[in-house]
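The values are calculated or read from the model by the stated rules, or taken from the named source; none is laboratory data. Only a predicted model underlies this, so the values are computations on that prediction, with no experimental measurement involved. In this analysis, Cβ positions are derived from the backbone assuming ideal geometry, glycine residues included, and neighbour counts consider all displayed protein chains.
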Amino acid sequence: MESILEIKDSCSTPQQLLRSFAFARYLKIYKKEYLEDLEKKGEKHSQEAKQKEDLIANLSLKDILQIFERDASGKELERDRAIVRFLDGCYHHYRNKSFSRLVRLNNEIITTSTESQKSFKTKISDKAENLSELIINTRRMLLDKVGLGHGVSRSHGLDASPNVTAGEISGHFSNIPSAYSKLAHTNLTVTADIKTGVHYETSVNKRAFPFYELEHNPLDLDGYDPEDWVAVPLSVGKWLIIAYIHKSRGCIEMEPGLLNLFPLYKIDNNFIDKKPDGIFFFGFPDAKKEDLGFYHDKEDDLLIGMVPKLPEYGYFGYCKKPILTLHNVLAILKGDFPLHCGCNRYVVGFDKDTDEPFISDIYIKADDMGKAEFYKKDNDKLKTLKFFGTEIGAFACLDGFSEQAKLQLVGREIGYNASAGTNARQIVPVAEEKEVSTGSDLDLLLYINNYDLKKPGETMVDTNMPVKDAIIHFHDGRRCAAGSTQTGRGGTEISYWANPFPLLKDNDGTILHKDLYEKYTDTEEELISSIEKLVKRGDMEVGVAYSMLMAGVYEGNTDEKVLECGFNNREEIEQEGPTRLAESLIVSVKEFAVKKREKLGNNLQEVDVTVAMIGDSRTGKSETAEKMEGILNMNIA
């Protein structure tokens, strides 16, 4: 089904549901598809197909409603049973193959003080649950009426809630620049309830095309129909970025993924005056290949991201990476330093009897992207670094996750390409919005090496090097690729600072975004200078972390080297490598916590240690966090 089903009716009884516009529309769509399928039947079943065709083609709402109104018998009962079997197929088609959105408009969260985003969210969740229950009860009543019901109810296994239940406000409440005023005619999703445990298939399952800066504005509003788009105001770091997703199959499936990945922007009276920092379009029908990228409209001080509606871009990575690119460009322009990394804040306590350190809590600050901000403490001339994250979810590649870890994701995930041989992905919530948006002192900054092998007993965290030597690793940004980008699996590629989106320097050293690169390197000079002083004072450590995640497929590792480093075969390295890193990282965190406590005062019962690990895709950021959770027996989700 190319179109999606938007449900705006408010129903409380089976009869109201069956009389609704949404049901009529869906029934029409399903009948068309069903009859087209019947036409494809071979001669062997042509007579049976003809009987079904006659019944379905002439099926009316009156035929369905009268099933409730009469106690049929004989031929009437046989016909009613045939209709109910057809409707049951429609029901399962709705659950498994359609994309549905239940929409409720409520401007009161802006216009009055009696409604809030939080209270609206509760109402939206209730609407989704009530609709699911109504659909299931209607199906059960129809089955029971014609004697096809089962002795056991299976309601909880047959969730019929919409893919997305959206609470919306008028787009006119957004402070869109006048040149883009047409966008204000699309309502804004300000709260939502998403159906999780759902897996979507997309036209491709990896990114192959870069998202670079454009010299022209790719947005042509003459081809923009406000009714054809979903608009979601996202809080990405400190920025308001409104994502516009086209309401067509192949595009709309990205909406629940985004809602599971980024927090919605806070909607209050101040929202009316808040101009968006960026706008992003996924699936623009009139856009061309040369429109893929971002454009800085300096006159309106607005970043514009564009992904055309083409099958080669039909992948969730073309939503996540471009939106993060907009975040990073805004950060660079402001003088902050974006970091492509995973980052955790470890709470380290001290045993009251032995005074030995122990990790009591782990809080995820970033799964894939964050930034460092410069700030000065009171009475301190030295600039220190605070880390802020971006996402509350993780776009996790399942290739390197243990079966136990995969089981922990079940029920919370929005999945993509589960049937793909490699790079099957799931988006799961992993962090609290407050944790991501709150800055923490950056204590350890590590580059993840995912391909060099280490022998048993060797530390997997090396901070015993001069800062300038450590920075070389960040500049090089070398990693072994998993094949999810244009680099072949097992080969290595380099990316300056692990590609902080946008890629600022090509593999051959070519500068790709001159103005941004110059701004970035100016900020980098200040960053390195601050790090050197912080390391010298003992307030920070930098170095390299060895995850070995891709060492088994790295073309530079021999079989002899694999055995020498304590592995029985190449396959086990993917699980064992991040485990070894997790064990070493626990030691490093505790050691730093002891030093930090001594500087702050030994009377402290606990201290925080924030660790950012820089690395591109499949370097071991999420995998190492998962292994630490297992070792420490903690639930960090």
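Values computed for the structure shown
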quantity	calculated
Subset of the range 528-562 that is more than 30 Å from Gly491 (Cβ to Cβ) and hydrophobic (A, V, I, L, M, F, W, C) - its residue that is surrounded by the fewest Cβ atoms within 10 Å (Cβ to Cβ)	Val535
Exclusive hit being at pLDDT 95 or above, out of contact with any helix residue (DSSP H, G or I) (no Cβ under 9 Å at 6 or more places or on another chain) and surrounded by 15 or more Cβ atoms within 10 Å (Cβ to Cβ), set Ala612, Ala582	Ala612
The range 425-466 - residue that is crowded, with 22+ Cβ neighbours inside 10 Å and among the charged types (D, E, K, R) and, of those, farthest from Lys383 (Cα to Cα)	Arg425
Selection count where residues are of a type outside the set (Val, Ile, Thr) and buried (at least 24 other Cβ atoms within 10 Å of the Cβ), scope the range 322-339	8
Qualifying residue in the range 204-226 (condition: among the small types (Gly, Ala, Ser), modelled with pLDDT under 95 and more than 27 Å from Ala287 (Cβ to Cβ))	no
Near pairs, Cβ below 9 angstrom, 6+ apart or cross-chain, from the range 300-311 (over 18 Å from Asp228 (Cβ atoms)) to any residue that is outside any strand (DSSP E or B) and small (Gly, Ala, Ser)	Asp300/Ser178; Asp300/Ala179; Leu302/Ala179; Pro311/Ser203; Pro311/Gly250
Residues satisfying the stated conditions in the range 1-41, i.e. among the acidic types (Asp, Glu), over 16 Å from Glu53 (Cβ atoms) and free of Cβ contacts under 8 Å to residues at least 60 places away in the same chain	Asp9
Total residues in the range 1-28, condition surrounded by 13 or more Cβ atoms within 10 Å (Cβ to Cβ) and modelled with pLDDT under 90	2
So Phe374, is it in contact (Cβ under 8 Å) with a residue 12 or more places away in the chain, surrounded by 15 or more Cβ atoms within 10 Å (Cβ to Cβ) and either under 17 Å from the mean Cα position of the chain (by Cα) or farther than 20 Å from Phe501 by Cβ (or both)	yes
The range 480-527, subset among the basic types (Lys, Arg) and touching a residue at least 60 places away in the same chain (Cβ under 8 Å), residue surrounded by the most Cβ atoms within 10 Å (Cβ to Cβ)	Lys519
Residue count, the range 441-466 (criterion: closer than 24 Å to Lys320 by Cα and among the hydroxyl-bearing types (Ser, Thr, Tyr))	1
Yes/no for Ile29 being over 23 Å from Glu6 (Cβ atoms) and under 46 Å from the mean Cα position of the chain (by Cα)	no
Residue within the range 411-421 that is polar (S, T, N, Q), surrounded by fewer than 24 Cβ atoms within 10 Å (Cβ to Cβ) and out of contact with any Ser or Thr (no Cβ under 9 Å at 6 or more places or on another chain) present	yes
Residue check, Ser100 within 27 Å of Met254 (Cα to Cα) and among the polar types (S, T, N, Q)	yes
Every pair of residues 6+ apart whose Cβ atoms lie under 8 Å, when the first sits in the range 69-84 and is within 15 Å of Lys52 (Cβ to Cβ) while the second is among the acidic types (Asp, Glu) and assigned to a helix (DSSP H, G or I)	Ile83/Asp63
Matching residues in the range 71-127 - criterion: being surrounded by 15 or more Cβ atoms within 10 Å (Cβ to Cβ), in a helix (DSSP H, G or I) and in contact with a Ser or Thr (Cβ under 8 Å, 6 or more places away or on another chain)	Tyr94, Ile109, Gln117, Phe120, Lys121, Ile124, Ser125, Lys127
Strands (runs of 3 or more DSSP E) (entirely within the range 317-433) containing at least 1 residues that are at pLDDT below 90 and not assigned by TED's automatic domain parsing to the domain that holds Glu606	393-397
Residue within the range 181-193 that is more than 21 Å from Gln16 (Cα to Cα), assigned to a loop (DSSP other than H, G, I, E, B) and of a type in the set (A, V, I, L, M) present	no
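This table checks each residue for (1) more than 28 Å from the chain's Cα centre (by Cα); (2) in a loop (DSSP other than H, G, I, E, B); (3) within 21 Å of Gly389 (Cβ to Cβ).
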site	(1), (2), (3)
Glu560	yes, no, no
Phe567	yes, yes, no
Arg570	yes, yes, no
Leu585	no, no, yes
Asn602	yes, yes, no
Val607	yes, no, yes
Thr610	no, no, yes
Arg618	no, yes, yes
Lys627	no, no, yes
